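Read through the structure below, which is laid out as structure tokens, and then see the notes.
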Amino acid sequence: MVLEYEVEEREIVRRGSEGDTKEAFDFSSKVTFYKKNAKETQSLLSQVSSSQITPSQDCKEIVESQCKYSLESDSDSENASISPGKYDISSYSFQLDPGQSKKQNIKRTYFACQKNPEQLKTSNLNEHITSILEVLEKNSHSQGEKWRAFAYGKAIRVLKNAKFKVNSVEDAKKLHGIGLKIQEKIQEILETGQLRRVQLESSDERTVTFNLFSQVFGAGPATVTKWYSQGFRTLEDLKQKAKLTYQQEIGLAYYEELQQKIPREEVTQIGKIVSDTAIAIVPGLKVVVCGSYRRGRQECGDVDILMTHKKTNCLTDLLPRIIQELEKVHFLTDHLTKIENTDKYMGVCQRAPGMPHRRIDIKLFPRHEWACALLYFTGSGHFNRSIRLWARKLSMSLSEHALVRRYSETEKGEPVPVKSEQEIFQVLGLKYQAPEQRDI
DNA sequence: GGGCAAATACTG
DNA sequence: CAGTAT
DNA sequence: GCCC
């Protein structure tokens, strides 16, 4: 009884934090609430769009206070950028209908989830199934079957987050995101411990080759298909015979190194190198390492660095200058985008000679886009999908640049000025989640 | 059947 | 423009 | 592939 109760709560939490369409329960109940309280929300929105928060004020405030390198967390500056008197987050945090105990439970669980994301994560009771589905997901992905892979991914998350071990198809049916086809697969896994299709594919030349090739940076489904049809089967084939773009050459040259995860400590060091270099060139720059690093991961796939400055608009060549300097000290070894005239750089770096090469992105945003950029590039991907879906249901649209109201399918309104991540959550009527809590 | 997020930048 | 990446 |  208790178990089942908890299961249901977890289920709800998961859906809510994932933002799947069908989190019907979580999300739509919130939508309902939103409509009920449309008036409050309107007033909040007008408050936000009023002069109380403006980009210029934002610039002034942040630049004057703490334009300093912040790796571990910029929560200090985030907090500092909120004036307590103007916004009382607690008064506007999303409250579910108090009259309905069930909904209250959702809310409570929601909080629990936010406090304990690790707990939810560490106990995958369905490893025996998910490990196999993960193969299917990867295979689908490298064949370019985007949405099929998407569905597998969703099923995997559902299974991982389930509070019970799936011992029968009936168990699996309860989980949202598991349809007929995956049910069949689960049945076979439960009966035989494996999946014939996976066995087949793992020794299938086409599948193996697609997986191999699709991990080359710059090669997507179309390119991989072409290479395969041209008869290439190994990385050596590609190096010797394939016609490669410059990006693919780099991707191939560092194929193994770029596969490796980056220890958190190294990301910290890389961040420091970039930050020190950048700030030496442009004092007052704000530099934050985002991505999985900011979410607290111990291992990262790449390094994602965001910068902003109050004078961004007058310093269009800012990023190129920083790039050139980083190149000069042999930190950046290869460029994946052109370095002139850019505010979004992609490249390859090496912390020190002999160390593995790493993928690095450095992006410069104008001050007024800082909050959205931070949110976006901190992710996770799932979290982003979730919050955007939510935004859409509130007739808003969230991008790396801005949070805007949409009046219709095509008509978009003015951006809602937001100067911190907290404000984005606030405007969307969501409880703030720290970066670590977005690692979902 | 259509949606599954959304928007931008770069390459060739 | 298609393809790729973020 | 799943869901509506």
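Here, each number is a calculation from the coordinates, and none is a lab measurement. Just so it is clear, the structure is predicted and the values come from calculations on it, not from any experiment. So basically every Cβ, Gly included, is an ideal-geometry build from the backbone, and we count neighbours across all protein chains shown.
In a fully extended conformation the segment linking residue A:341 and residue A:329 would gain 2.3 nm over its present Cα-Cα distance, using 0.36 nm per residue. Cross-linked pairs A:272/A:338; A:181/A:226; A:138/A:311; A:138/A:243: Cα-Cα separations exceed 32 Å for A:138/A:311.
The string of couplings for segment A:152-162 from the Karplus curve (6.51, -1.76, 1.60, θ = phi - 60°) is 4, x, 5, 4, 5, 4, 4, 5, 5, 7, 4 Hz, one whole number per residue in order, with x for Gly and Pro. A straight line joining the Cα centroids of segment A:383-401 and segment A:212-247 runs 35 Å.
Modelled spin-label separation between residue A:204 and residue A:272, with each label point placed 7 Å from Cα along the Cα-to-Cβ direction: 4.8 nm. Over all Cα atoms in segment A:331-440, the spread is summed up by Rg and Dmax: 16.8, 55 Å. Each residue of segment A:209-222 was assigned a 3J(HN,Hα) from its phi angle through the Karplus curve 6.51 cos²θ - 1.76 cosθ + 1.60 (θ = phi - 60°); the sequence is 5, 4, 4, 4, 6, 6, 8, 6, 4, x, 10, x, x, 5 Hz, with glycine and proline shown as x. Between residue A:412 and residue A:180, the simple spin-label model (points 7 angstrom out along Cα→Cβ) gives 3.9 nm.
Set the Förster radius R0 to 22 Å, insert the Cβ-Cβ distance between residue A:235 and residue A:134 as r into 1/(1 + (r/R0)^6), and round the FRET efficiency to 0.05.
Working: r = 23 Å, r/R0 = 1.05.
The pair residue A:235/residue A:134 has a calculated efficiency of 0.45.
Pick out, in residue order, every one of the trypsin sites (Lys or Arg not before Pro) in segment A:185-247 that is DSSP loop and has at most 14 other C-beta atoms within 10 Å; say none if there are none. Each step should come with its number before you reach the end.
Values: sites: A:185, A:196, A:197, A:206, A:226, A:233, A:239, A:241, A:243; in loops: A:233, A:243.
When the trypsin sites (Lys or Arg not before Pro) of segment A:185-247 are filtered for loop state and at most 14 Cβ neighbours within 10 Å, A:243 remain.
Just subtract the alpha-carbon distance of residue A:259 and residue A:222 from 0.36 nm times their residue separation and send over the number in nm, one decimal. Please report the intermediate quantities before stating the final value.
Numbers: separation 37, 0.36 × 37 = 13.32 nm, distance 2.11 nm.
Fully extending the segment from residue A:259 to residue A:222 adds 11.2 nm.
Here the Debye sum runs over all C-alpha atoms of segment A:262-364 as equal scatterers in vacuum, and log10 of I(q)/I(0) at q = 0.11, 0.16, 0.20, 0.25 Å⁻¹ comes out as -0.29, -0.62, -0.98, -1.49. Here's how it looks for residue A:300: its modeled amide H is under 5 Å from those of A:262, A:264, which are all 5 or more places away or on a different chain. With one equal scatterer per alpha carbon and no solvent term, the Debye-computed log10 I(q)/I(0) for segment A:127-258 at 0.12, 0.14, 0.16 1/Å reads -0.55, -0.69, -0.81. Think of each Lys and Arg Cβ as +1 and each Asp and Glu Cβ as -1; about the Cα centre, that makes the dipole of segment A:220-344 roughly 400 debye. DSSP loop GluC sites (Glu not before Pro) in segment A:368-420 with at most 12 other Cβ atoms within 10 Å of their Cβ, which ones? When the GluC sites (Glu not before Pro) of segment A:368-420 are filtered for loop state and at most 12 Cβ neighbours within 10 Å, A:409, A:411 remain.
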